[in-house]
Amino acid sequence: MTSLPGADLGPFAFLVQNLQEITEALAATTTQREVIEIVLTPAVQALGATAGIVLLVDHTDQQLKIAGSQGYEDGLPTLWQDGPIENNALIANILRMKEALYFEDVGALKQAYPELESRTGGLLPVASATLPMFLDHRPLGVIVLDFKEPHTFTIAERRFLTILSAQCAVALGRVEATVLLEDRVEERTRQLKERTRQLEDRTQQLEEQTRRMVEEQTAQAAFVAFTEAVGSETDLPTLVQQAITALQSRFPGVSVGYYEEEGSLWKARVWSDDMHTELVAVISAGLPSETPLIAQVIRTRQPVFTDAWDAQEEGVEPSAEYGAAAGYPLLVNSKLRSILSIGLRATRTWSQAGRALVQAVGRGLTLALERTEAARQLTLQNAELQAHTRALEAFAELTRDLALNTDPLLLIKRAQEVVMSMLLDGSAMYFVPEGDRWRNRVQYGTLRSSGLQAAVDAGLPYTEPSSLLIPWTTGQPYFQDVYDGDSDQLASVVGHVSATATLPLRIEGELTGVLAFALLNHRSWSSVDRVVLETTVQSLELALDRAAKTRKLDEERTALEMFTRFTRAVGSETDVQALVGHAITLLEETRSVDVIYAERYGDLFKIRHWNAGLPADLLARSQEGYSLDQPGLGRAERERQAIFEENWDAEQQGVPASAMYRAVAFQPFCRDGEMTSVLIIGSRTLTHWSKRDKGVFQAVGQSLDLALDRARQTRTVIAQRDALEGRTQELAARTRQLEDSTQELQAFSYSVSHDLRTPVRHMLGFLGLAKKSLDDRLDERSARHLNVVEQAGREMNTLIDALLDLSNAAQQTLRPVAIDLNEMMTQIQGKLTPDLTTRNVDWEVAPLPQVQGDWDALKQVLTQLTENALKFTRTRDPAVIRVWAEDQGEAWKVSVQDNGLGFDPRYRDRLFNLFQRLHSADEASGTGVGLASVRRLILKHGGQVFAEGQVGEGATFGFILLKGNVTRL
């Protein structure tokens, strides 16, 4: 090896010697572990490293695994860990670049890979060398040496490490190739042995297949005969008997039984004629599910063949004559339907042909049973469709009755008739929750129990009958094939009820009650029954919805007719007595009721108008008057709407003279938040007010209320008109005086502003000349006095300008156009920004709307509000100015907010008055005219101004403009 000029060969010679020793040792290695130990230890010692580690890449080239390490403390995490290569950016880089990386100084590794320590959880070494290992361009892994002190890697050391990693890669490749070669030799040897065994097995299989073919031909012939026999048969006993015949034709002396489950026993339903009487008695009585043969069939769902049958051990002692037995499970739709058993007398062992034949017959019988079940399901579905059709046909006839009757209870009873005509024997009820009980509103059919009927008529406690609560709370039908009377607390009176169904009923989407059906003929609900019930309820709900809509339309039409009749009757009537009389007559003729109209006198309501048929004692009592202690009047006064009292109790209501009435209603009439009169209606025949009755009463009451209000307003208008006629001339004269005063005031303001400006201008001019000529002769006090005079003059000039602006605002004619406030605000900011170079101002301007108004006037308004915000935030850093708008429907609300001095909200009404200021001149300069001009200009636009704020917390000023066009003023 040629030495580098000036190189120190001492250390390099030592490294070369190490390389030679490592190379010789690697030549004798045969395992991966030996290679790593030979490479790692000398490398660590030769360079004085603290620790070293070798990580190898797996066959996917994506994962790293530690193959060996030296010098690392147990339990302490390092940067070098098992896992995906991508989790260690350093290793991923050197494997990608195929170059070693050296980190010699403290922090060099962290600077290059700052996230390495946090991602791996290991501690960074002070110095480190990482060397990739490749073999034929394939990455094998990396060698890493870590140092606790800074380490400068010389050219010799780097050369040593490069050669070391290459030697390690070659050695690892050689070991890998050796292992691969040994595996191939071993695999080839194994394959040869396996091939020999396969040839032997194949020979045995050919012999076995030949024997099986003969047996299968026999079994197939029997199966063909059986399938031909049962091809079109659906009767179960006939199918089983033909299976028995097929088996007996193949096995002379065979016995066959067909079993079905009943409770915990498997009972024979069909059996071959060769069985003796004692065995038939046992199998027809039933074999327990624990019988070994049956238990194994149930558990495995597979055919079970038993050789050397032991009758005593199997628990079927009368079957001792049989030498072998089998059980075949018959599955329909993956469910164990029945079991076919076969017993052989002539042999104690099942042959392959015998097993094949049993399986063939079993499969054929299973297919026949499945076909029979499919036919049964089709028949059932057809029955369901027919029941569905019958229910729809019955309800088609029912819905045609809607034109004549919309009573929901009658419709429900008709639906009960439809259902019970199909169920034949039973009863139907309709329960609704009222208070704490279930009330039976409609019943069809008898319950055949006086005790049960009495309990139903009295009302069932709301929380007890679960058969009603379940559909009411879940909204789903609830069927009981075996009625549980205990759950409804009715066990003592429902012994004759076999099955029940309860279905929730909705009208216009809202639960109203529960339809209950009880079967009394000791049968359960079939799928056809369920279809009939659910279809009937669905159709009933549609009919009830249509009936409800029809009733609503009828009630609305009736109410409209009543309103129209009353309106025509009263016309332009303004006399209260006549209006009330028309209303009483209309109600009496239309609904056959007694009517009272009472007005308030202090704390009592005394009768003023009534119909002719009112009983004398009730009339006398009504003339005395009723207080608000009377429950009906009290409710009407509190609720301020029509009150309908049903099942009227005269004693409880405190009006014994009204005992002839069964239902009473109150219609209050209120003025200024107080009930001033009331219309009272009493019915001697109705116990409940129908929706139609309520609609009629409310329509007349509302019409009368409008008529009374119109009459009162008419009288008020007439009185006001008479009073106004006397004041019209006075107002006209006053208006002319105000117009003259306004013109004079405007002329005066304009004149004063102009007349004041000239002397102020002269004063300031001569004051400036005096200061200039006396500049060097003025003492400090005299100069200060002149400055005060000059400042006062400038403030006077500012005030005059403000007065001129105010006068212009009053005289300005508006020229409304469409204005984009965004554009206007941009211009205002551009004008004000040059004066704000020494201030820190944060502008927060939200998108603003387009409004109708005068451009110059609104710009003056928005400029004044913005300048005010800037003026009162001079002490804020930063000053925050927010501008935004709110859509209030018919108007826009525009706000300008600041974080400045604020103001006391008690004085907000003074802010927009002329010369009104809430801050001293030291706090903020101003004339007190700007906001007055803002208000005048906004008022000319038909808008409003507002101000909000707190002392020291900033303020918000703004205006509200209607979205409509602005009138030119």
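The values are calculated or read from the model by the stated rules, or taken from the named source; none is laboratory data. Keep in mind that this is a model prediction, so the values were computed, not measured. When we count neighbours, we look across all protein chains shown, and the Cβ atoms used for this are built from the backbone with ideal geometry, even at glycine.
Can you tell me which residue in the stretch 138-190 is modelled with the highest pLDDT, limited to those that are among the basic types (K, R) and loosely packed, with under 14 Cβ neighbours inside 10 Å?
Applying the filter and picking the extreme gives K148.
Within the stretch 597-612, is even one residue surrounded by 16 or more Cβ atoms within 10 Å (Cβ to Cβ) and over 25 Å from R712 (Cα atoms)?
Looking for residues that are surrounded by 16 or more Cβ atoms within 10 Å (Cβ to Cβ) and over 25 Å from R712 (Cα atoms), one finds none in the stretch 597-612, hence no.
Restrict the check to the stretch 166-178 and report whether at least one residue is assigned by TED's automatic domain parsing to the domain that holds G48, assigned to a strand (DSSP E or B) and touching a residue at least 12 places away in the same chain (Cβ under 8 Å).
no
Output the residues belonging to the stretch 868-882 that are of a type outside the set (K, R), in a loop (DSSP other than H, G, I, E, B) and surrounded by fewer than 21 Cβ atoms within 10 Å (Cβ to Cβ).
T875, D877, P878
Name the strands (runs of 3 or more DSSP E) wholly within the stretch 615-689 that hold at least 1 residues that are touching a residue at least 60 places away in the same chain (Cβ under 8 Å) and under 22 Å from L586 (Cβ atoms)?
So the answer is 674-683.
Suppose we filter A325, A308 for residues that are more than 52 Å from the chain's Cα centre (by Cα) and under 26 Å from A368 (Cβ atoms); which single one remains?
Unique residue meeting the criteria: A325.
Do we have any residue at all in the stretch 851-864 that's hydrophobic (A, V, I, L, M, F, W, C), part of a strand (DSSP E or B) and either at pLDDT 90 or above or closer than 13 Å to F959 by Cα (or both)?
Yes - at least one qualifying residue is present in the stretch 851-864.
If you go through the stretch 518-539 one residue at a time, do you hit one that is of a type outside the set (K, R) and farther than 30 Å from Q377 by Cα?
no
Kindly evaluate S526 against the criterion of being over 24 Å from D545 (Cα atoms), surrounded by fewer than 17 Cβ atoms within 10 Å (Cβ to Cβ) and among the hydroxyl-bearing types (S, T, Y).
Yes; evaluated as a whole, the condition is true for this residue.
Test L961 against the stated conditions and say whether it is hydrophobic (A, V, I, L, M, F, W, C), modelled with pLDDT of 80 or more and assigned to a helix (DSSP H, G or I).
Spelling it out, it is not the case that L961 is hydrophobic (A, V, I, L, M, F, W, C), modelled with pLDDT of 80 or more and assigned to a helix (DSSP H, G or I).
For (1) in contact (Cβ under 8 Å) with a residue 60 or more places away in the chain; (2) out of contact with any strand residue (DSSP E or B) (no Cβ under 6 Å at 6 or more places or on another chain); (3) within 27 Å of T154 (Cβ to Cβ), each residue gets a yes or a no:
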{"residue": "G71", "(1), (2), (3)": "yes, no, yes"}
{"residue": "W80", "(1), (2), (3)": "yes, no, yes"}
{"residue": "N87", "(1), (2), (3)": "no, yes, no"}
{"residue": "I94", "(1), (2), (3)": "no, no, yes"}
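Test L47 against the criterion of being in the same structural domain as M133 (by TED's automatic domain parsing) and within 49 Å of the chain's Cα centre (by Cα), and give yes or no.
Against the criterion (in the same structural domain as M133 (by TED's automatic domain parsing) and within 49 Å of the chain's Cα centre (by Cα)), L47 does not qualify.
Scan the stretch 152-162 and give yes if some residue there is under 57 Å from the mean Cα position of the chain (by Cα) and hydroxyl-bearing (S, T, Y), otherwise no.
no
So is T196 hydroxyl-bearing (S, T, Y), modelled with pLDDT of 80 or more and part of a helix (DSSP H, G or I) or not?
no
I'm checking my understanding of the structure. Among residues of the stretch 669-697 that are under 12 Å from E599 (Cα atoms) and aliphatic (A, V, I, L, M), which one is surrounded by the fewest Cβ atoms within 10 Å (Cβ to Cβ)?
Going through the qualifying residues, I end up with M675.
Would you point out which residue out of G263, G257, G286 is modelled with pLDDT of 85 or more and at positive phi?
One residue alone meets the criteria, G286.
So which of Q623, Q667 is more than 52 Å from the chain's Cα centre (by Cα) and either closer than 30 Å to K549 by Cβ or of a type in the set (S, T, N, Q) (or both)?
Testing whether each residue is more than 52 Å from the chain's Cα centre (by Cα) and either closer than 30 Å to K549 by Cβ or of a type in the set (S, T, N, Q) (or both) leaves just Q623.
Can you pull out the residues in the stretch 697-721 that are in contact with a Phe, Trp or Tyr (Cβ under 8 Å, 6 or more places away or on another chain) and either among the aliphatic types (A, V, I, L, M) or farther than 19 Å from I643 by Cα (or both)?
Correct list: A699, V700, L704, A707, L708.
If V482 passes every condition in (1) of a type in the set (V, I, T); (2) at pLDDT 90 or above; (3) surrounded by fewer than 16 Cβ atoms within 10 Å (Cβ to Cβ); (4) touching a Ser or Thr at 6+ places or on another chain (Cβ under 8 Å) but one, which one does it miss?
Result: V482 passes all but (2).
Out of (1) part of a helix (DSSP H, G or I); (2) within 17 Å of Q577 (Cα to Cα), the odd one out for A612 is which?
Of (1) part of a helix (DSSP H, G or I); (2) within 17 Å of Q577 (Cα to Cα), only one is false for A612: (1).
Consider S895 against the criteria (1) modelled with pLDDT under 90; (2) under 26 Å from Q950 (Cβ atoms); (3) of a type in the set (S, T, Y): it satisfies all of them except one. Which criterion is unmet?
For S895, the failing item is (1).
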